[in-house]
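Shown next, in structure tokens, is the structure this report addresses.
The values are calculated or read from the model by the stated rules, or taken from the named source; none is laboratory data. Every value quoted in this text rests on a predicted model; they were computed, and no experiment measured them. Cβ: placed from backbone, ideal geometry, glycine included. Neighbour counts: every protein chain shown. Quick note on the areas: whole protein, heavy atoms, side chains included, nothing else; ligands and nucleic acids left out. Shrake-Rupley method; radii C 1.70, N 1.55, O 1.52, S 1.80 Å.
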Amino acid sequence: MIKFFLMVNKQGQTRLSRYYEHVEINKRTVLEAEVIKNCLSRSKDQCSFIEYKDFKLVYRQYAALFVVVGINETENEMAVYELIHNFVEVLDTYFSRVVSETLNF
């Protein structure tokens with residue numbers, strides 16, 4: 001099950017966040033900061049799956065934009081990895097020539 005969906009730029013600014021479980025606002029900012037720090041600190045040669053607290057992070061980088069999905073332990077990481085790619089392809093098809101700075105949901 002997907003717990004949250006984030007789109008973040010390389011500067012660490014959240015461009016989109018969607019939570020599918022209730023998380024208090026205070027905890028969201030702390031969670032996002034830690035998740036962003038973990039994903040941005042990894043090199044391109046490292047795996048895109050991270051075990052973090054009681055869930056897993058699946059992320060993908062597209063130019064200066066990171067798409068991060070938090071999932072529970074039983075979810076298929078490769079399926080979520082492909083979901084991220086399909087989501088970005090749809091955005092790219094629908095919104096031509098959009099950069100991360102214009103994403104303000």
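For the stretch 94-105, the criterion of being open to solvent by less than 50 Å² (accessible area, probe 1.4 Å), in a helix (DSSP H, G or I) and at pLDDT 90 or above is met by no residue.
Scanning the stretch 32-80 for residues that are surrounded by fewer than 12 Cβ atoms within 10 Å (Cβ to Cβ), outside any strand (DSSP E or B) and acidic (Asp, Glu) yields ASP45, ASP54, GLU73. So, VAL88, is that one under 18 Å from PHE4 (Cβ atoms), of a type in the set (A, V, I, L, M), within 14 Å of the chain's Cα centre (by Cα) and modelled with pLDDT of 95 or more or not? So VAL88 fails the test. Any residue in the stretch 1-26 that is in contact (Cβ under 8 Å) with a residue 12 or more places away in the chain and within 20 Å of ASN76 (Cβ to Cβ) sitting within a Cβ distance under 9 Å of a residue that is assigned to a loop (DSSP other than H, G, I, E, B) and open to solvent by less than 50 Å² (accessible area, probe 1.4 Å)? List the pairs, counting only those 6 or more apart or interchain. Going by the 9 Å Cβ cut-off, the qualifying pairs are MET1/ASN72; ILE2/ASN72; LYS3/VAL23; LYS3/ASN72; PHE4/VAL23.
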